[in-house]
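Participant: My questions will all concern the structure given below.
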Amino acid sequence: MSGAARAVPGRWELPALRLWHAALAGGFLVAWLTADEDTYRMHVFAGYWVLIAVALRLGLATVGTRQGPLALTRPGRSRLMIWMGGVLMTMVGVAALSGVIADGKSAFEDVHEGLSNAALWLIPAHAALVAWVFQGKRLRDKVIGAARVSAVPMLLLAGLVLAVPAQAADPARDAILAGYAKAAKAADPGFGGFSAARGESIYRARNTVNADYPSCATCHTDDPTQPGRHAKTGREIAPAAVSANPKRFTDAEKVEERFNRDCKTVLGRECSARDRGDFIAFLSSK
Amino acid sequence: MRSIAMGAGLLLSLTAPAWADRVAPLTDPVTLKACGECHMAFQPDFLPARSWARMMDSLDNHFGESAAMAPDKVAHIRRVLEEGAADRVGGKVADRFLRWVAPGGTPQRITENPAFLRKHDFPAREWARAEVKTKSNCPACHKRAERGDYEED
């Protein structure tokens with residue numbers, strides 16, 4: 001609290017705030033981009049980075065001038081901005097903290113994912129608010145100033161525009177399907193596209209090859225939007241349907257591996273390229 | 001020489017309770033991911049290297065289902081499992097399991113080893129519990145099993 005008595009903010013305070021913001025935003029971005037098993041270590045590192053950044057913000061508030069840029073609340077600042085900052089930072093902090101717990105207790109993974117997604121959606125709200133509040137003010141002053149300030153929210157918005165389709169759309173899955181379509185056409189020149197109905201009949205068929213695994217639905221359940229369970233080991237299986245599990249059919253190597261294995265185990269035969277495409281078409285439609 | 005041995009013995013006896021039911025955790029990400037997809041990725045310490053070799057050579061029929069994967073992945077996982085195998089790393093748990101393995105024998109099921117059975121002599125209803133389901137589901141009871149810690153819970 002040593003600096004609290006000073007009325008004039010130190011010259012370092014605004015740069016410190018900007019640096020802190022860059023560290024938090026960067027850490028969150030890295031954590032979001034690495035939220036996959038393949039990059040788990042980086043994800044954990046970024047998560048702790050975020051957590052430390054949130055804690056650091058509270059520390060900065062105590063060393064900054066009472067009404068300076070580092071203060072958590074200050075007169076003249078939009079109430080909305082203060083609340084937005086508080087809610088966003090709390091959410092990001094809670095998301096990071098739940099990640100620490102999930103690292104030890106995997107049952108927490110879903111909670112962590114939910115909280116992180118909630119925090120993710122607060123970021124465009126935060127950026128929009130910053131753009132709205134600051135832009136209006138600056139436009140009254142100087143156009144150039146406005147352009148400079150808006151560069152930050154615009155960059156954030158641009159990042160989000162790129163981020164949202166990355167979650168919803170699926171170029172990787174399209175590429176996999178295109179590969180199967182090409183192979184299906186090569187095998188049968190009369191091939192006229194994949195059919196979700198044919199895929200569904202593969203999924204639901206009861207087979208007699210292996211009494212332990214008579215059907216795809218044995219492990220993946222009759223409703224593919226639900227999580228499944230390995231019939232023998234009891235290991236939980238993420239939902240097969242794309243709507244419930246957007247990562248489905250996006251890793252070509254894994255897709256091939258699973259078709260090679262499970263067709264043999266459950267159907268007792270190889271699946272053709274058309275079978276594979278039909279199957280993906282069915283689960284993409286669910 | 002004797003004092004060194006005694007000192008080492010004392011040190012061992014001090015640490016023994018802590019690691020009596022512990023094995024080195026499996027850390028290789030490829031192995032963890034590939035094995036852990038369908039069941040807990042068991043630490044290699046429970047079987048000799050020749051057992052793991054046989055298992056990795058017969059993935060087409062892995063306990064009644066195909067677990068086939070790309071040859072380079074098979075080779076990688078095979079190496080990880082062989083390097084960490086009971087007869088390569090030794091240790092308390094490994095020795096306890098190896099005692100029951102015939103020379104040259106290649107057992108596949110860890111849960112059939114008497115070292116396992118002696119410690120898991122429960123009535124059938126315990127095994128039938130919904131969250132247990134199968135004997136290979138270590139983490140159902142040993143919450144830290146995936147980290148190599150099989151202390152009682």
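Let's see how each residue does on (1) polar (S, T, N, Q); (2) within 26 Å of A:Pro227 (Cα to Cα); (3) assigned to a loop (DSSP other than H, G, I, E, B); (4) in contact (Cβ under 8 Å) with a residue 12 or more places away in the chain:
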| residue | (1), (2), (3), (4) |
| --- | --- |
| A:Ala25 | no, no, no, yes |
| A:Ala31 | no, yes, no, yes |
| A:Thr73 | yes, no, yes, no |
| A:Trp83 | no, no, no, no |
| A:Met89 | no, no, no, yes |
| A:Val92 | no, no, no, yes |
| A:Val100 | no, yes, no, yes |
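Participant: Still on this structure, I have one more. Could you figure out which of (1) among the acidic types (Asp, Glu); (2) over 20 Å from A:Ala107 (Cβ atoms); (3) away from chain A (no Cβ under 13 Å) isn't true of B:Glu151?
Facilitator: (2)
Participant: Is it the case that some residue within segment B:112-128 is among the aromatic types (Phe, Trp, Tyr) and either under 19 Å from B:Leu26 (Cβ atoms) or modelled with pLDDT of 95 or more (or both)?
Facilitator: Yes: segment B:112-128 contains one or more residues that are among the aromatic types (Phe, Trp, Tyr) and either under 19 Å from B:Leu26 (Cβ atoms) or modelled with pLDDT of 95 or more (or both).
Participant: Exactly one of these conditions fails for A:Ala211: (1) farther than 29 Å from B:Val30 by Cβ; (2) of a type outside the set (Asp, Glu); (3) at pLDDT below 95; (4) crowded, with 16+ Cβ neighbours inside 10 Å. Give me its number.
Facilitator: (4)
Participant: Please count how many residues of segment A:228-286 are closer than 30 Å to B:Trp127 by Cα, charged (D, E, K, R) and within 25 Å of the chain's Cα centre (by Cα).
Facilitator: 4
Participant: What residue, among those in segment B:104-135 that are over 18 Å from A:Lys105 (Cβ atoms) and touching a Gly at 6+ places or on another chain (Cβ under 9 Å), is surrounded by the most Cβ atoms within 10 Å (Cβ to Cβ)?
Facilitator: Applying the filter and picking the extreme gives B:Lys133.
Participant: Can you list residue pairs whose Cβ atoms sit under 9 Å apart, with the first residue in segment B:92-103 being closer than 11 Å to B:Phe46 by Cα and the second being assigned to a helix (DSSP H, G or I) and acidic (Asp, Glu)? Count only pairs 6 or more apart in sequence or on different chains.
Facilitator: As it stands, the answer is B:Val93/B:Asp45; B:Ala94/B:Asp45; B:Ala94/B:Asp87; B:Phe97/B:Asp45; B:Leu98/B:Asp87; B:Val101/B:Asp87, since those pairs meet every condition given.
Participant: Determine whether B:Ala85 is more than 27 Å from A:Asn210 (Cβ to Cβ) and at pLDDT 95 or above.
Facilitator: Yes, satisfied.
Participant: Just one of (1) in contact (Cβ under 8 Å) with a residue 60 or more places away in the chain; (2) of a type in the set (Asp, Glu); (3) within 13 Å of chain B (Cβ to nearest Cβ) trips up A:Asp188, so point out which.
Facilitator: With respect to (1) in contact (Cβ under 8 Å) with a residue 60 or more places away in the chain; (2) of a type in the set (Asp, Glu); (3) within 13 Å of chain B (Cβ to nearest Cβ), A:Asp188 is out only on (3).
Participant: Looking only at segment A:44-66, how many residues end up being surrounded by 17 or more Cβ atoms within 10 Å (Cβ to Cβ) and assigned to a loop (DSSP other than H, G, I, E, B)?
Facilitator: The qualifying residues number 2.
Participant: Suppose we keep only residues that are assigned to a helix (DSSP H, G or I) and hydroxyl-bearing (Ser, Thr, Tyr) within segment A:33-43. Which one would you say is farthest from the other protein chains (Cβ to nearest Cβ)?
Facilitator: A:Thr39
Participant: Collect the residues in segment B:43-76 that are outside any helix (DSSP H, G or I), more than 11 Å from chain A (Cβ to nearest Cβ) and crowded, with 19+ Cβ neighbours inside 10 Å, keeping them in residue-number order.
Facilitator: B:Gln43, B:Leu47, B:Pro48
Residue-by-condition table, conditions (1) more than 14 Å from chain B (Cβ to nearest Cβ); (2) outside any helix (DSSP H, G or I); (3) modelled with pLDDT under 95:
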site: A:Val149; (1), (2), (3): yes, no, yes
site: A:Val152; (1), (2), (3): yes, no, yes
site: A:Gly192; (1), (2), (3): yes, yes, yes
site: A:Arg198; (1), (2), (3): yes, no, no
site: A:Ala217; (1), (2), (3): yes, no, no
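Participant: Something else now. State which residue is farthest from the other protein chains (Cβ to nearest Cβ) when the search covers only segment A:242-270 and only residues that are in a loop (DSSP other than H, G, I, E, B) and buried (at least 20 other Cβ atoms within 10 Å of the Cβ).
Facilitator: My answer is A:Val242.
Participant: Of the conditions (1) surrounded by 15 or more Cβ atoms within 10 Å (Cβ to Cβ); (2) under 24 Å from B:Cys38 (Cβ atoms), A:Asp222 satisfies every one except a single condition; which number is it?
Facilitator: For A:Asp222, the exception is condition (1).
The values are calculated or read from the model by the stated rules, or taken from the named source; none is laboratory data. Fair warning: this is a prediction, and the values are worked out from it, not measured in the lab. Using ideal geometry, Cβ is built from the backbone for each residue, glycine included, and neighbour counts are taken over all protein chains shown.
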